[in-house]
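I have placed the structure first, in the form of structure tokens, so that the comments after it can refer back to it.
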């Protein structure tokens, strides 16, 4: 059954009925909530009310609670005493640290891909780069993030290092909002695509050191734009903002 969407009016979030498919409902719900946080529909510090989530996504409270626990483990949600689950508020120091590690890990992933990827994985990376271009041509933040995540899935698979993979996936989850804001900035999608194409070209060609440098530049540019787009970062570590 296809997903049923209802256009939001007067600031009310759209109703998104999640289809009953083979994948667990929790995974479907996780994707929708991550995308909503990335798009700014749920702001840092905003409460995530179980009843509202149940009504919006057409799932049970049990599924919502499972999803919220998973998002808490990822760092996207914080359980605040007397308030319940809220969208995590990251301090500037938090985000700087995450981007620092992300830059190092993505550079290493690109380097290892250039050294270790099979011919089939190299062809797959080039194809996933084309998919990013197609997604960026839309005005759908969820599509941007999904295509970029799919690109990283291929890059990380070809790097053949599970620790690099788990570290990068965890970081991407924690800075999901920043990634969406960065790509929303004027001209950023075009610049991002050019950077991804350069990473792809170098990694596919087996130019390990150059691919690592290109991957690091990509993250550093994304960080610069994300900070310029995000005024709500807390000045110091906090759970509530």
Residue 107 passes all but one of the listed conditions (1) touching a residue at least 60 places away in the same chain (Cβ under 8 Å); (2) part of a strand (DSSP E or B); the exception is number (2)
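Residue-wise test of (1) at pLDDT 90 or above; (2) over 18 Å from residue 112 (Cα atoms); (3) crowded, with 17+ Cβ neighbours inside 10 Å; (4) in the same structural domain as residue 98 (by TED's automatic domain parsing).
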site	(1), (2), (3), (4)
123	yes, no, no, yes
127	yes, yes, no, yes
163	yes, no, no, yes
194	yes, yes, no, yes
219	yes, no, yes, yes
Scanning the stretch 129-147 residue by residue, the ones that are surrounded by 19 or more Cβ atoms within 10 Å (Cβ to Cβ) and either without any contact (Cβ under 8 Å) to a residue 40 or more places away in the chain or closer than 19 Å to residue 216 by Cα (or both) total 5
Of the listed residues (122, 65, 112), the one being under 25 Å from residue 40 (Cα atoms), touching a residue at least 12 places away in the same chain (Cβ under 8 Å) and in contact with a helix residue (DSSP H, G or I) (Cβ under 8 Å, 6 or more places away or on another chain) is 65
Pairs returned, first residue in the stretch 148-169 that is touching a residue at least 40 places away in the same chain (Cβ under 8 Å), second residue that is not in a helix (DSSP H, G or I), beta-carbon separation under 8 angstrom, 6 or more apart or interchain, are 158/117; 158/118; 159/117; 160/117
Conditions (1) in a helix (DSSP H, G or I); (2) more than 18 Å from residue 134 (Cβ to Cβ) -> residue 206 fails only (1)
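The values are calculated or read from the model by the stated rules, or taken from the named source; none is laboratory data. Source: prediction; values computed, not measured. Here the Cβ is made from the backbone with ideal geometry for all residues, glycine too, and neighbour counts use every protein chain on show.
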